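Notes follow the structure.
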Amino acid sequence: MLKLEMIVEVHQLKRQGFKVAAIARKCNLSRTTVYEYLEMDFEEACRWTEELKTRQRKLDPYRDDILAWLKEHPDLSASQISDWLEERCNFKNVGDSTVRTYVRELREKYHIPKSLAFRSYEAIEELPRGKQMQVDFGEMRVKTFDGKTM
């Protein structure tokens, strides 16, 4: 409904004599969007906003999988879900922000709050010399027999 209200407001401002650039500044829209809105009549705007509500989204085919994962593991992050989509469903054609938005909407719609699991850390007693060590798992690049670097 917000888009429809914005279109009506753009038309009202134009009837009041505002120029396209002024309307764009007032409504925080680009000038091209203002031109698009001005080309639409009310019926077209209504049809367009209805189409926006019913259009298919990229992640809709995976909705049931994502919902099952969220219900089983409510502490999953959108990043983890994105990884699982890639690993388990071989689906890579979506951006991280799209997954975040989709997961947030599913959590709101199905009332699945994100449970935060806090790790408890505590200081340990300092051990005497020779009884403790530190490990740095560094990275090393080596050449294979084909001459490729790994």
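The values are calculated or read from the model by the stated rules, or taken from the named source; none is laboratory data. All values reported here derive from a predicted model rather than from experimental measurement. Neighbour counts are summed over all protein chains in view; Cβ atoms, including those assigned to glycine, are modelled from backbone coordinates with ideal geometry. The protein model used for the area step is the full one, side chains on, heavy atoms only, and it has no ligands, DNA or RNA in it. Shrake-Rupley method; radii C 1.70, N 1.55, O 1.52, S 1.80 Å.
The table that follows gives values for the structure above.
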{"read-out": "Evaluation of Met150 against (1) touching a helix residue (DSSP H, G or I) at 6+ places or on another chain (Cβ under 6 Å); (2) exposed (fewer than 10 other Cβ atoms within 10 Å of the Cβ) (one fails), failing number", "value": "(1)"}
{"read-out": "Any hit, segment 55-78, residues being under 30 Å from Val20 (Cα atoms) and either modelled with pLDDT under 85 or over 18 Å from the mean Cα position of the chain (by Cα) (or both)", "value": "yes"}
{"read-out": "Those residues of segment 18-73 which are closer than 15 Å to Met6 by Cβ and among the β-branched types (Val, Ile, Thr), in sequence order", "value": "Val20, Ile23, Thr32, Thr33, Val34, Thr49"}
{"read-out": "Scan of segment 24-48 for residues that are open to solvent by less than 100 Å² (accessible area, probe 1.4 Å), more than 26 Å from the chain's Cα centre (by Cα) and of a type in the set (Ser, Thr, Tyr), ordered by number", "value": "Tyr37"}
{"read-out": "Filter result (in a helix (DSSP H, G or I), touching a residue at least 12 places away in the same chain (Cβ under 8 Å) and either more than 18 Å from Arg57 (Cβ to Cβ) or among the β-branched types (Val, Ile, Thr) (or both)) within segment 85-109", "value": "Arg88, Thr98, Val99, Val103"}
{"read-out": "Per-region count, segment 92-112, residues closer than 14 Å to Leu70 by Cβ, hydroxyl-bearing (Ser, Thr, Tyr) and exposed (fewer than 10 other Cβ atoms within 10 Å of the Cβ)", "value": "0"}
{"read-out": "Criterion violated by Ser115 - all others in (1) open to solvent by 70 Å² or more (accessible area, probe 1.4 Å); (2) small (Gly, Ala, Ser); (3) touching a residue at least 24 places away in the same chain (Cβ under 8 Å) satisfied", "value": "(1)"}
{"read-out": "Any pair with Cβ under 7 angstrom, 6 or more apart, that starts in segment 6-18 at a residue that is open to solvent by less than 70 Å² (accessible area, probe 1.4 Å) and ends at one that is assigned to a helix (DSSP H, G or I) and among the β-branched types (Val, Ile, Thr)", "value": "Val10/Ile23; Val10/Val34; Leu13/Ile23"}
{"read-out": "Count of segment 56-74 residues which are free of Cβ contacts under 8 Å to residues at least 40 places away in the same chain and open to solvent by 70 Å² or more (accessible area, probe 1.4 Å)", "value": "4"}
